[in-house]
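Below: one structure, written as structure tokens.
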Amino acid sequence: MSARAAWPPAAIALALLFALVCAGCAIDARSQQFACASSSDCSGDRVCVDGWCVVGDDDDDDDDDDDDDDENADSGAAGPDATPPDAATCPPECDDCAQGVCVFECENGGACGTPVVCPAGVPCRVECLGVNSCAGGVDCSAATSCDIECSRRGSCSGPIECGAGPCDVLCSGRDSCLGGIDCSGSCSCETACTGIDACALAPSCPSDECVAGDGDCDDDAPGCDTCS
């Protein structure tokens, strides 16, 4: 008798059914190990894709990063380590530069005894804050604008020459601005000779219409501000 004859048909069918059921259980158990809702449900280097934990492709990620770098390079985008452009150089004759303005700081007694010459093509501010400072005068003829303060006794005893741009001159120190102020070629000029015996010589204004009653230049008068 063969081995097949020893098993009745009903027993064979039952054994096959049991084997199929057990195989399905094993498949389900293995499959559910990789089910996920997010990548945090996955272990190792797997990521959650379409509800299943799959092995991520590092090469693709690297390629994406390279593509991003190339796009940034092409578009001129600056990365965190990009070197900022060089700041504008302050002219060497200036004591300081503030927001593009060349500043001369003549703060001590007798400071800036030789003529102060503002560099060409930039705004200039000259601070004659010491006694007898700026004795050599101020040449602001080549600057785009000029702001001059003569606030101590005897300051700005030399001539003050403005350029074609706006020019403001304050002579608040006693005996200040004795060398005269020439802003006759300025598009606007404002002088204030408020110090005792300041401005022994009357300022030269752009026109007679720009001369105020006290002899100062007034850029608020009609036609006395033509800078714009």
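Per the Kirkwood formula applied to alpha carbons, region 105-152 shows a radius of gyration over Rh ratio, Rg over Rh, of 0.97. Residue by residue, region 163-175 carries 3J(HN,Hα) couplings of x, 7, x, x, 9, 10, 10, 10, 10, 9, x, 5, 6 Hz when phi is fed to the Karplus relation 6.51 cos²θ - 1.76 cosθ + 1.60 (θ = phi - 60°); x denotes Gly or Pro. Note on region 181-228 and region 120-167: Cα centroid distance 15 Å, given to the nearest whole angstrom.
Among 207-213, 135-141, sorting by the average number of other beta carbon atoms lying within 10 angstrom of each residue, highest first, gives 135-141, 207-213. Beyond 15 Å, the tail of the calculated P(r) for region 119-219 holds 52 percent of the Cα pairs.
Bear in mind these aren't lab numbers, they're just calculated from the coordinates by the rules spelled out. All figures in this text were calculated on a predicted structure; none of them were measured in a lab. Ideal geometry is used to build each Cβ from the backbone, glycine not excepted, and the neighbour counts take in all protein chains shown.
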